[in-house]
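The structure appears right after this line, and notes come after that.
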Amino acid sequence: MASNNAILNFGTKKSFIGSNARIMCFEYISLGDTCEITWDCQIMDTSFHYIEDMSNNVIKPLTKPVTIGNNVWVGNRTTISKGSVLPDFTIVASSSLVNKDFSDIGENCLIAGMHAKLKHNNIRRVYDYKKQRELDKKLNYSRTYL
């Protein structure tokens, strides 16, 4: 769902969004190239409700842009909230809550948890299907392709 005047930007190469995923865009959401969002995920750049900080009578912003880089893999049942930034080659573990800017962690990282935290550096998903088949054979794994 995108509101009037909202910008929902999809990468141009091989991105994937799984079944039962939801995107709520009130201002700006950008997904990079070869971005894989698996099933039951939600991405939203809004909190939907105004929140007032009563100590100083300040209304918190209703929206903040969401930017998901290139070659990002998001595990199932993950929520990506307003203000989130995921750098290129980030892996987000299943059932995580991403609610901040991770641009300072660099590329090839794994984040996980409720609230997501950096778990590993120098890690990446194998996208080469030929290499996947070789690994399956080596490890005696019989893969079912859906």
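The values are calculated or read from the model by the stated rules, or taken from the named source; none is laboratory data. Every value quoted in this text rests on a predicted model; they were computed, and no experiment measured them. Heads up, the Cβs are rebuilt from the backbone with ideal geometry, glycines too, and the neighbour counts pull from every protein chain shown. These accessible areas exclude ligands, DNA and RNA; they are computed on the full protein's heavy atoms, side chains included. Shrake-Rupley method; radii C 1.70, N 1.55, O 1.52, S 1.80 Å.
Taking region 53-66, which residues are at pLDDT 95 or above and surrounded by fewer than 20 Cβ atoms within 10 Å (Cβ to Cβ)?
As a first pass, look at region 53-66 and keep what is at pLDDT 95 or above: 64-66.
The answer is 64, 65.
Would you mind stating whether residue 119 is in contact with a strand residue (DSSP E or B) (Cβ under 6 Å, 6 or more places away or on another chain), under 30 Å from residue 47 (Cβ atoms) and among the charged types (D, E, K, R)?
Values: in contact with a strand residue (DSSP E or B) (Cβ under 6 Å, 6 or more places away or on another chain): yes; under 30 Å from residue 47 (Cβ atoms): yes; among the charged types (D, E, K, R): yes.
Taking the combined requirement at face value, the residue satisfies it.
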Boolean, residue 75 is small (Gly, Ala, Ser) and either at pLDDT 95 or above or buried (at least 20 other Cβ atoms within 10 Å of the Cβ) (or both): yes
Could you please let me know if residue 108 is out of contact with any Leu (no Cβ under 8 Å at 6 or more places or on another chain), assigned to a loop (DSSP other than H, G, I, E, B) and loosely packed, with under 14 Cβ neighbours inside 10 Å? no
Long-range neighbours under 6 Å by Cβ, at least six apart or interchain, first residue at negative phi within region 44-59, second aliphatic (A, V, I, L, M) and exposed (fewer than 10 other Cβ atoms within 10 Å of the Cβ): 50/59; 52/59
Looking at this structure, is residue 134 open to solvent by 30 Å² or more (accessible area, probe 1.4 Å), at pLDDT below 95 and assigned to a loop (DSSP other than H, G, I, E, B)? no
Of these, 19, 47, which one is more than 12 Å from the chain's Cα centre (by Cα), under 27 Å from residue 93 (Cβ atoms) and surrounded by fewer than 16 Cβ atoms within 10 Å (Cβ to Cβ)? 19
For region 111-131, give me the residue count where each residue is open to solvent by 90 Å² or more (accessible area, probe 1.4 Å) and closer than 30 Å to residue 64 by Cβ. 8
For region 87-105, which residues satisfy the criterion of being open to solvent by 70 Å² or more (accessible area, probe 1.4 Å) and either at pLDDT below 90 or more than 14 Å from the chain's Cα centre (by Cα) (or both)? 104
